[in-house]
Each structure stands twice: as structure tokens, then as C-alpha cells.
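The values are calculated or read from the model by the stated rules, or taken from the named source; none is laboratory data. Since we're looking at a predicted model, the values are computed, not measured. Counting neighbours? That spans all protein chains shown, and the Cβs are built from the backbone with ideal geometry, glycine included.
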Amino acid sequence: MIRHLILMMVITLSVNSSFAQKGKLSFEFGVGLNSYSMRTLNQFYIDSFAEKFELLDNPIKKGLNGFSSVKFQPTELFDIGVYGGYQYGETRSNIEFIFIDNFGVQYETHNGTFLLETEAISIGLTNSWYISHLLKFQNKESTFLQNFRFATELNAGVGFSKITSDVQYPTYKQATFYEFFTSTDFQGQIALKFEYDYVTKPIIGLIGVKIGYQYFKTKTVNDRYNEEWVVLDEYPINLDFSGIFGAIYLSFGK
């Protein structure tokens, strides 16, 4: 996955270098917060199966994200490039493994932790159209408006997702459990972004915020043996990272 991202970035840099005299090349880095749907995971696993056996209490409804991109801007109106991103969500709880004798008396207890985490790496193409340029902000008398830009951004690519179930009992290794499930699917985002050029020479540096919607829904996830995850032999589990997101970012270019 990382090799694919690096390869795409290298190809883009190679292509963009030949046009550097005619446009801007920029690098963007940011972090943010995502809201998640995760309907089947929360409903059929966490809220029913896991809660019934007192394993987990809280559903996964949000996560953190980090992203970077390499962009080429041939005109003030739009840019195009490649992006890579990582997002992560989790729910965890403290659990007990209790031994009970034939008379129902507890005679031994082991304390442990249950961690259920979702994560995804995505790579793809990104494209922004600058509405501020259409409104001719660059010709305004105000320095603030000249340096302020807002745009619509569209990202489309592939997402490599994974969910991990990790049960740890430090004092009772026999009950320790680790399993993971994966899927590869389409990932897309649409966003409004607002940015301000705080440095213009010798490089262009800007700070920005973006808010938008992500569509990223997987098919039924598979384990390491390529078997589908079906809870209680009845409920197939998929991951749904879809939802509203917000982020802040920095960009540098020339």
C-alpha cells in the first residue's frame, strides 16, 4: 500500500517537474476528525454480541485522520495531484475472565483489555477548483482578499481498510486473542476548503481548513484466510467510514 502511494507521488513529481516553469508545485499536510457510520459493525457486533457478553460498551462513531498530497496548479483556476491518507478509530474496555466452581462461587479472576480498532490507508487523485478566482478576489484592493482563497475539492481513489480485534490478559495468556479483517474498496471525498497565503516569497505558504463528506463503504470484510466475517452465522460485517469530516492543513509550494 505504501509502495503504491510512493510510486504515484514519484510519477506525479516527474510529470510536474516538466511543467514547473508554467505553474505551481505544492505539498500539503494536514490532520482532522471524521464521523463514521459503521452501521453493521455497531449494530450487529458492538451493540449486540459484544455488549451482551460485556466486552465493549461504546460504538465506533468517529476517528482521526491524517493526509498529504502533491499538487500541480497550471492556472489560478484549478490544481490536480495525488493524495494519500490514513484514518483511525477505536473502542476499548476493561474486561474480566472469571473462573467459577460447580457451586457458582468465583475463585479466580483475571483482568484484561479489549481493543477494537478500525483503520484505513487511501491513495488517489485530487482536484480543486478555486471559486475565489472566478470571483476575482485576486483583483481586489484588500490585501486580505488577495491572499484569501476558497475552493471545492474532489478526491477519488482506493482505500485499504482493516479492523483488528485484540484481547489481552497479562496474567492469563490462554485467553489472549488477536484477529483482523480487511477489505479494498473505492474511497471518495468532496469538500469546501478555505485557505490564506501567509507567506508569498520566496515560497508560497498557506494555512487552510476544509469540511466535507467522505464516501467509503466496504464490502464484507475477510479474515487472513479469506473467510468473510459473519457474526452469529447471520450478520455479515462491513466497515462504513462514510460521514462528515473536518481538517486543518498547511501547504508549501513554488
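Per the listing Leu145, Leu116, the residue uniquely in a helix (DSSP H, G or I) and surrounded by 13 or more Cβ atoms within 10 Å (Cβ to Cβ) is Leu145.
Selection of region 231-254 for residues being more than 18 Å from Pro59 (Cα to Cα) and more than 16 Å from the chain's Cα centre (by Cα) yields Leu232, Asp233, Glu234, Leu250, Ser251, Phe252, Gly253, Lys254.
Criterion applied to Asn155, Asn238, Asn226 was being modelled with pLDDT of 90 or more, on the phi > 0 side of the Ramachandran plot and out of contact with any His (no Cβ under 9 Å at 6 or more places or on another chain), and the one residue passing it is Asn226. Screening Phe72, Phe44 for residues that are in a strand (DSSP E or B) and over 18 Å from Ile248 (Cα atoms) leaves exactly one candidate, Phe72.
Table: residues versus (1) surrounded by fewer than 20 Cβ atoms within 10 Å (Cβ to Cβ); (2) farther than 23 Å from Thr182 by Cβ; (3) in contact with a Cys (Cβ under 7 Å, 6 or more places away or on another chain).
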| residue | (1), (2), (3) |
| --- | --- |
| Gly32 | no, yes, no |
| Lys71 | no, yes, no |
| Gly81 | no, yes, no |
| Gly84 | no, no, no |
| Val105 | yes, yes, no |
| Thr109 | yes, yes, no |
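Scan region 159-174 and give yes if some residue there is part of a strand (DSSP E or B), over 26 Å from the mean Cα position of the chain (by Cα), aromatic (Phe, Trp, Tyr) and under 25 Å from Asn65 (Cα atoms), otherwise no. Taking every residue of region 159-174 in turn, none turns out to be part of a strand (DSSP E or B), over 26 Å from the mean Cα position of the chain (by Cα), aromatic (Phe, Trp, Tyr) and under 25 Å from Asn65 (Cα atoms).
Among the residues making up region 218-239, those that are surrounded by 18 or more Cβ atoms within 10 Å (Cβ to Cβ), in contact with a helix residue (DSSP H, G or I) (Cβ under 9 Å, 6 or more places away or on another chain) and either assigned to a strand (DSSP E or B) or among the basic types (Lys, Arg) (or both) are Asn238, Leu239.
Here Leu134 clears all of (1) touching a residue at least 24 places away in the same chain (Cβ under 8 Å); (2) within 30 Å of Leu55 (Cα to Cα); (3) of a type in the set (A, V, I, L, M) except the condition numbered (2).
Quick one: in region 34-82, which of the residues that are under 20 Å from Trp229 (Cβ atoms) and acidic (Asp, Glu) is farthest from the chain's Cα centre (by Cα)? Looking at the filtered set, the residue picked out is Glu51.
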